[in-house]
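Participant: I am attaching a structure below and will ask some questions about it afterwards.
Each value in this text was obtained by applying a stated rule to the coordinates, not by laboratory testing. In this text the structure is predicted, and so the values were computed from the model without any measurement. When we count neighbours, we look across all protein chains shown, and the Cβ atoms used for this are built from the backbone with ideal geometry, even at glycine.
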Amino acid sequence: MNIQELRKNAHELVDWMVDYLENIEDYPVKSPVAPGDIYRQLPETMPEQGEPWADIMADVERIIMPGMTHWQHPGFHAYIPGNSSPPSILGEIIMTTIGAQCMVWDTSPAAAELEERVLNWMRDAMGLPPHWAGVIQDTASTAPLAALLTAREQATGYHTNRQGVGARRLRVYCSDQTHSSIEKAVKIAGLGSDNLVYLPTDAALALDPSALEAAIQADLEAGYQPMCVVAAVGTTGTTAVDPVGAMAKICQTYKVWLHVDAAFVGVAQLLPEYAYLLEGMEQVDSYVTNAHKWLFTNFDCSLYYVKDKAALLNTFEILPEYLKTESRGQVNDYRDWGLPLGRRYRALIPFVWSASDMPLPMRLNSMPSMRVYYRA
C-alpha cells in the first residue's frame with residue numbers, strides 16, 4: 001500500500017467508522033457466534049500474497065464483525081463502561097499515525113510533557129493533593145502491581161529488588177470485595193497469595209477499619225511485616241467505597257503503605273457532589289482511576305498517582321548505556337515510572353477529549369450513572 005492508496009483507503013475507512021457509530025444499534029449487543037466459529041473461517045497458514053483493501057474490509061464485515069461484542073452499543077450494560085467518543089477516536093488516529101515510542105523524554109518531548117500536564121490537569125480537577133505526581137499506566141491491573149512493588153521496596157529498605165523477598169513475611173490487606181487484580185499483583189510481586197489478608201465488610205460492603213487494625217496487630221505479634229493496605233473506592237463488583245480516612249490513620253500508625261483503587265469510581269470526584277470520596281486522600285501513598293471508564297477515553301488509559309515520586313523511581317529505575325540522555329534529571333522519563341520500557345502516546349487521547357468543543361460541564365454531567373451497568 002503506497003501513500004496515495006493510504007489516502008484513498010483511509011477516507012473510505014473514516015466513512016466506515018462513522019457508518020458503524022451511526023448504526024451501532026442495528027448490531028446485536030453480544031456476539032452470537034459459538035466457540036471456534038471465527039477461527040474456522042480463517043486460513044490455516046499466513047497469506048502469501050497481499051489482497052486488495054476492499055477484500056480485506058469485506059473479510060472484516062463477513063468474519064470479524066459478527067464476532068464482536070459492541071461495548072459502545074446503548075444496550076450494553078455488562079461489566080464496566082468502556083466509553084469511547086469521536087474526539088478520543090481522532091486522538092487515537094493521530095497517535096497511531098505518528099507511531100511514537102514514548103519511553104524517555106528524548107524520544108518525543110511533546111509526549112512526556114503532555115502526559116505531565118494532562119495528569120496535573122486531572123489531579124487538580126479531581127481535587128487530589130496538589131503535590132502528587134502522576135503517570136499513565138495501561139490498566140488498573142498494572143497500577144496496583146506498581147503500587148505493591150513500590151510498597152515492597154519501601155518496607156524492605158529497597159533491598160528486595162536485589163536480594164529477593166527471601167524469608168520476609170510481608171502482608172497485604174484488603175476487603176473481601178476488592179478487585180481480583182490485587183491478588184494477581186500479590187502473586188506477581190512474589191509475596192504469595194497466602195499473605196493477602198481478606199478482611200470482612202459491613203452492611204454497605206465497605207471494609208471494617210477495626211478488623212484491619214486487629215489483623216495488623218495480630219500479624220505483628222505473629223512475626224509478619226505489614227506492607228500494604230488496599231482501599232477500594234467503588235470496587236467493581238459492588239461499587240462499595242471503603243473508609244479511606246479511617247484506614248489512612250491506621251496505616252500512618254503502623255507505617256504501612258496505603259493504595260487506593262478507585263479505578264471505577266474515582267473520576268466521579270470531578271463532580272462537587274462526590275467530593276466526600278476525597279476524605280483521607282492526603283494521607284494516601286498511591287492512587288489509580290481509569291479515564292477509559294467514564295471519561296469517553298479509548299481503552300486503555302489509567303491515571304496513576306503517587307505521593308512520593310522518589311519511591312516509585314527507586315523501585316523501577318534501571319539505566320543501561322543505551323538509555324542515558326543529556327536531559328536526564330531535568331525531565332520525566334516515564335519508562336522509570338512503571339513496568340514497561342516501551343510506551344504508547346496515551347496522553348494524546350485524553351488531551352484531545354478534554355480540548356474538544358463539548359463544554360466541560362456538559363461532558364461531566366453526561367457521565368452515565370454507575371447503577372446502569374449493574375442493573376438486572
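Participant: Can you find, among Leu90, Thr297, Ala262, the residue farthest towards the positive end of the dipole of the chain? Put +1 on the C-beta of Lys and Arg, -1 on that of Asp and Glu.
Facilitator: Ala262
Participant: Next question, about the same structure. Please list, in chain and number order, the residues 5+ apart from Met103 or on another chain whose amide H is under 5 Å from its amide H, with Hs placed from the backbone.
Facilitator: Counting only residues 5 or more places away or on other chains, the set is Arg343.
Participant: Could you compute the net charge surrounding Val244? Neighbours are other residues with a C-beta less than 11 Å from the C-beta of Val244; K and R count +1, D and E count -1.
Facilitator: -3
Participant: Something else about it: Please turn the phi angles of segment 163-168 into ³J(HN,Hα) values with the Karplus equation 6.51 cos²θ - 1.76 cosθ + 1.60 (θ = phi - 60°), one per residue in order, whole Hz, x for glycine and proline.
Facilitator: Computed from phi, the couplings for segment 163-168 are 9, x, 5, x, 8, 5 Hz.
Participant: Shifting gears a bit: GNM, the chain, Cα, under 10 Å: largest mean-square fluctuation among Asp106, Asp333, Asp55?
Facilitator: Ranking Asp106, Asp333, Asp55 by mean-square fluctuation puts Asp55 first.
Participant: While we're on this one: Sorted by mean Cβ packing within 10 Å, highest first, what order do the peptides 64-73, 297-306 take?
Facilitator: Per-residue mean Cβ counts within 10 Å order the peptides as 297-306, 64-73.
Participant: Still on this model: Tell me, which longest segment in the chain has none of the GluC sites (Glu not before Pro) that fall in DSSP loops with at most 16 further Cβ atoms within 10 Å?
Facilitator: Here the longest segment lacking exposed loop sites spans 49-278.
Participant: Please list, or write none, the lysines whose alpha carbon is within less than 27 Å of the alpha carbon of Lys30, excluding same-chain residues fewer than 8 places away.
Facilitator: Lys293
Participant: Gaussian network model of the chain, Cα springs within a sub-10 Å range: biggest mean-square fluctuation belongs to which of Ala111, Ala147, Ala214?
Facilitator: Answer for the Gaussian network model of the chain: Ala214.
Participant: I would also like to ask the following. Per-residue ellipticity at 222 nm for the chain, helices alone: DSSP H runs ≥ 4 residues times -39500 (n - 2.57), over residue total, nearest 500 deg cm²/dmol?
Facilitator: Result for the chain, helices only: -10500 deg cm²/dmol.
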